[in-house]
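Scroll down for the structure; my scribbles are underneath it.
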Amino acid sequence: MHDILIKNGHIIAPGEGIDQIGDIFLSDGRIKQLGQNLPATNAEVIDATEQIVSPGFIDLHCHLRQPGFEAKETIQSGTKAAAKGGFTTVCCMPNTSPPLDNAPLITYVNTIAANEACVRVLPIGCITRARNGEELSDMVSMAQAGAVAFTDDGNYVRNPNILRRAMQYSLPLGLPIIEHCEDADLCDGGQVNEGIIATTQGLCGNSSVAEEIAVARDIILAEHTGARLHIAHVSTRGAVEQIRQGKKRGVKLSAEVTPHHLTLSEEALLGYNTQAKVSPPLRTPADIEALIDGLNDGTIDVIATDHAPHRIIDKQCEFANAACGISGLETALGSLLKIVHNGKLSLTTLLAKLTCAPASILRMKIGSLQVNAPADLTIFSPHKEWIVDSSNFVSHGHNTPLEGETLHGQVSTTIYSGKVVYRNT
Amino acid sequence: MANTLPINISAWNHRHILDVQDLSPAEIELVMETTKVMQERLLRNSKKSSELSGKTVVTLFYEASTRTRGSFEIAAKNLGADVVNITVQTSSVAKGESLINTIKTLESIGADFLVMRHPLSGAHISVAPFMRAGLINAGDGWHAHPTQALLDLFTMLQHLKSMEGRRIVIVGDIKHSRVAHSNIWCLSKMGAKVVLCAPPTLLPAGLGQASSHFPSVEVQHDIRTAIADADVIMELRLQKERMKGDLLPGVEEFTRSYQLNTARLALAKPQAIVMHPGPVNEDIELEAKLLHNSRVVVNEQVANGVAVRMALLQLLAWREEYA
């Protein structure tokens with residue numbers, strides 16, 4: 001592996017409080033030196049003039065679909081999409097087929113990733129066997145095999161006593177329980193936000209109260225058990241407030257929000273646009289404001305993509321039959337920079353939510369530019385204009401509500417473990 | 001096949017009838033004018049014509065229907081078209097064929113117009129951009145039933161002349177009713193005041209919030225307040241599956257609260273008419289003996305349905321020929 005010298009970049013590493021113009025020297029897969037006018041001796045030089053140099057992004061929530069749904073995505077194609085989007089670490093969700101509910105399956109993902117992934121893959125195991133919400137999965141064995149968290153994502157653990165037992169049982173592991181908070185009874189079959197947009201389309205509404213009750217219940221269980229709870233894809237104002245209050249009480253609580261819940265409202269669904277169908281559903285402009293406030297005041301710790309690739313036919317059908325999700329890794333940065341460019345979020349805060357904050361939830365020494373940290377870096381032009389064209393996606397999933405949209409900000413180079421894994425040519 | 005009717009079709013620019021929401025007030029007027037011509041033909045007992053001779057109309061119903069399907073079939077045959085009815089249970093749809101492939105197959109075997117009813121909201125809007133044949137929505141989920149709203153409007157106009165400022169009260173299960181949804185759009189576009197009357201569990205969400213995406217309506221929970229001074233009272237059919245459970249405690253309480261009976265009808269304007277999209281649950285939405293009252297126009301609605309559907313098929317055929 002050759003050495004790399006990144007020259008003249010605007011280096012921002014929120015975890016270390018670094019914000020300066022300078023150079024970074026990488027060797028042996030690690031960060032060796034930060035400084036000014038570093039010598040290039042035998043190193044490949046990457047000119048980062050007028051670009052941001054950040055720790056590589058970490059995605060706590062994506063769907064790589066392998067095993068079982070390889071037509072939607074594979075570990076290989078999904079990590080290529082991650083690299084293109086500036087992500088050097090992705091945590092993959094266990095709702096595969098079969099679901100990742102035992103140690104051999106965690107090992108399977110790690111083995112495929114070792115051979116085929118171009119960035120770090122951290123598998124997440126199921127809370128319950130087959131994600132059925134009834135029996136605990138082999139959490140200890142999965143942790144030993146390398147699972148970094150547990151979730152039944154896609155499903156909420158419906159029986160509160162099962163979740164309580166899962167929290168208690170996994171307590172010695174110290175790994176977070178990630179919950180997809182939507183109470184199925186209150187969802188009432190609804191697939192879009194309850195309100196006038198659902199009404200005008202004759203679609204069954206999914207009330208924000210379904211998410212808020214679910215969040216509140218789980219916070220009480222985390223408080224009761226002392227377990228670490230991470231709330232996936234927060235989408236409503238009321239849920240943000242529940243989390244804010246829980247954190248004030250000292251509950252071991254963290255939360256994530258997706259780029260789409262931060263940038264798109266329910267109006268994107270008009271005309272039965274299945275590309276904007278996600279779970280939980282897109283909400284109102286008032287919810288978006290509350291989510292951004294939550295990022296700014298620290299209530300919401302991280303931004304995670306919930307990258308959910310699908311085949312064309314999974315989306316090209318009647319709205320109620322269409323799959324939920326957006327292929328989001330490749331558009332995440334461009335979408336999120338909108339909020340920075342319109343002045344509602346600072347670039348440093350955005351990068352913190354994508355780097356050091358998820359690293360701290362994982363309790364790993366990544367997302368950092370400290371000397372000797374893994375050389376995972378993302379270099380991007382924050383203003384570069386580009387038009388979303390899903391036919392250029394490297395993800396197998398071309399499902400995006402942003403087709404034809406102009407975004408500002410694009411990754412030019414992604415370096416994982418000292419190696420260039422993506423270069424925009 | 002020439003334009004032999006006194007209608008200015010240049011104002012018509014639709015290949016499909018998906019929803020009343022898509023139609024301008026001028027286009028709705030055009031449908032009304034064309035319907036009038038068709039109705040006169042039906043009344044003169046010279047029903048049959050040949051405007052759609054050589055055309056094939058396929059009806060594809062994913063939900064049970066007697067009156068809507070029959071009405072379309074008679075309308076198409078009156079215009080000289082050949083009609084093919086596809087029974088969903090015996091077609092390849094039962095084998096899991098996608099909707100778009102089913103439609104492509106029907107186009108390939110020669111459908112010029114497709115009349116479809118589908119249980120999922122938006123099904124027509126999703127497939128229309130891919131279609132060569134003209135598509136008429138005969139009902140989709142809770143979303144729209146445009147031909148019902150247009151026949152209702154035609155019926156109202158026969159009694160009221162103009163809709164401007166009229167108080168139209170729709171009573172019953174608004175939330176799950178595509179008939180209500182299309183009527184709200186149609187009546188609002190024509191200047192009427194729409195009043196919805198139902199228990200809160202049978203109303204859709206968000207009616208109180210001002211929105212550019214939905215007409216503003218008045219909501220009443222008390223039928224007496226709603227009906228006071230009404231020009232039209234439209235009762236909706238209460239579906240069996242809604243009669244008890246988590247939306248309503250039971251049919252008796254619903255009947256006591258929301259049935260239109262002789263005493264309540266007296267609160268409306270003296271010449272007010274009573275409508276129902278059918279089939280009526282007698283003594284639930286409507287007091288059975290009220291059905292014999294001359295102000296109840298349910299059968300006129302059904303008869304007008306044939307004329308409206310003839311008019312829509314004719315407009316689509318002209319659009320195809322002259323576009």
Give, in nm to one decimal, the length gained when the segment between B:Ala210 and B:Gln158 is fully stretched (0.36 nm per residue of separation minus the Cα-Cα distance).
15.5 nm
With a point put 7 Å past each Cα toward its Cβ, work out how far B:Lys36 is from B:Lys77 in nm, to one decimal.
2.9 nm
Cα-based radius of gyration of segment A:16-114 once divided by 2.2 N^0.38 Å, which approximates compact folds
1.43
Within 10 Å of each Cβ in B:202-214, the average number of Cβ atoms from other chains
5
Efficiency of FRET from Cβ geometry, A:Glu223 and A:Arg158, R₀ 22 Å, rounded to 0.05
0.65
Rounded to the nearest 0.05, what FRET efficiency do B:Glu241 and B:Glu29 have when you use their Cβ-Cβ distance and R0 = 45 Å?
0.75
Neighbour net charge for B:Glu218 - beta-carbon separation under 10 angstrom, K R +1, D E -1:
+2
Estimated FRET transfer efficiency when R0 is 51 angstrom, pair B:Ile109-A:Gln370 (beta carbons, to 0.05):
0.15
Per-residue [θ]222 nm for chain B (sum of -39500 (n - 2.57) over DSSP H runs n ≥ 4, rounded to 500):
-11000 deg cm²/dmol
Given charges at beta-carbon only (K, R positive; D, E negative), |dipole| of segment A:56-362 in Debye
700 debye
Chain B, Gaussian network, Cα under 10 Å: of B:Thr87, B:Thr66, B:Thr155, the residue fluctuating most is B:Thr66
Over all alpha-carbon pairs of segment B:146-299, lay out the pair-distance distribution in 10 Å bins, whole %, shortest bin first.
11, 45, 36, 7, 0
Cα to Cα, under 12 Å, and not fewer than 8 places away if on the same chain: which aspartates and glutamates meet these conditions relative to A:Lys7?
A:Asp23, A:Glu44, A:Asp47, A:Glu50
Which one, A:Tyr422, A:Ala359, B:Thr87, is farthest towards the positive end of the dipole of the protein assembly as shown when Lys and Arg carry +1 and Asp and Glu -1 on their Cβ?
B:Thr87
Give the Rg/Rh ratio for segment A:233-327, taking Rg as the radius of gyration of the Cα atoms and Rh as the Kirkwood radius, to two decimals.
1.04
How many nm separate the modelled label positions at A:Asn37 and A:Asn424, each set 7 Å beyond the Cα in the direction of the Cβ?
3.1 nm
For chain B, set up a GNM with springs between Cα atoms under 10 Å and report which of B:Val306, B:Val20, B:Val83 has the largest fluctuation.
B:Val83
Tally Lys/Arg at +1 and Asp/Glu at -1 over every other residue whose Cβ is under 10 Å from the Cβ of A:Ser137; what's the total?
-2
Sorted largest first, extent of the protein assembly as shown alpha carbons per principal axis (Å)
98, 57, 47
Is there a pair in B:Lys161/B:Lys240; B:Lys193/B:Lys269; A:Lys277/A:Lys419; A:Lys247/A:Lys344; A:Lys72/A:Lys277; B:Lys175/B:Lys244 whose C-alpha atoms are over 25 Å apart, and which pairs would that be?
B:Lys161/B:Lys240; A:Lys277/A:Lys419
Using only Cα atoms and rounding to the nearest 10 degrees, what angle (0 to 90) does helix A:237-248 make with the longest principal axis of chain A?
70 degrees
If you put +1 on each Lys and Arg Cβ and -1 on each Asp and Glu Cβ, how big is the dipole of segment A:114-220 around its Cα centre, in Debye rounded to 20?
380 debye
Translational diffusion coefficient (Stokes-Einstein; Kirkwood radius from C-alpha pairs) of chain B at 4 °C, 1.567 mPa s, in µm²/s:
64 µm²/s
State the dimensionless ratio Rg/Rh of segment A:319-425 (Rg: radius of gyration of Cα atoms; Rh: Kirkwood radius).
1.00
P(r) for chain A, please, calculated from all Cα pair distances in 20 Å bins and given in %.
28, 60, 12, 0
Of B:Met243, B:Leu291, B:Val232, whose Cα points farthest to the positive end of the dipole of segment B:146-299 (charges on the beta-carbon: +1 Lys, Arg; -1 Asp, Glu; origin at the Cα centre)?
B:Val232
Calculate the length of the line joining the C-alpha centroid of segment A:209-269 to that of segment A:86-148, in whole Å.
23 Å
How many nm separate the modelled label positions at B:Glu63 and B:Lys289, each set 7 Å beyond the Cα in the direction of the Cβ?
3.4 nm
For B:Lys77, which lysines qualify as cross-link partners when the Cα separation must be under 16 Å and same-chain residues fewer than eight apart are set aside?
B:Lys47, B:Lys48, B:Lys55
Taking the Cα centre of the protein assembly as shown as the origin, how large is its charge dipole in debye, to the nearest 20, when only Lys and Arg (+1) and Asp and Glu (-1) carry charge on their Cβ atoms?
780 debye
So, in Å, what gap is there between the alpha-carbon centers of segment A:384-420 and segment B:76-147?
38 Å
Looking only at B:Gly70, B:Gly141, B:Gly206, which one moves most when chain B is put into a Gaussian network model with springs between Cα atoms under 10 Å?
B:Gly206
How big is the shadow of the Cα convex hull of segment A:89-223, averaged over all directions, in nm²?
9.4 nm²
Cα long-axis angle, helix A:160-170 against chain A (0 to 90 degrees, to the nearest 10)
40 degrees
Taking the Cβ of A:Glu289 as the centre, find all other residues whose Cβ is under 11 Å away and add up their charges (Lys, Arg: +1; Asp, Glu: -1).
+1
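Any read-out appearing in this document is the output of simple, stated calculations on the displayed coordinates, not a laboratory observation. Please read these numbers as outputs of a predicted model, since none were measured by experiment. Neighbour counts are summed over all protein chains in view; Cβ atoms, including those assigned to glycine, are modelled from backbone coordinates with ideal geometry.
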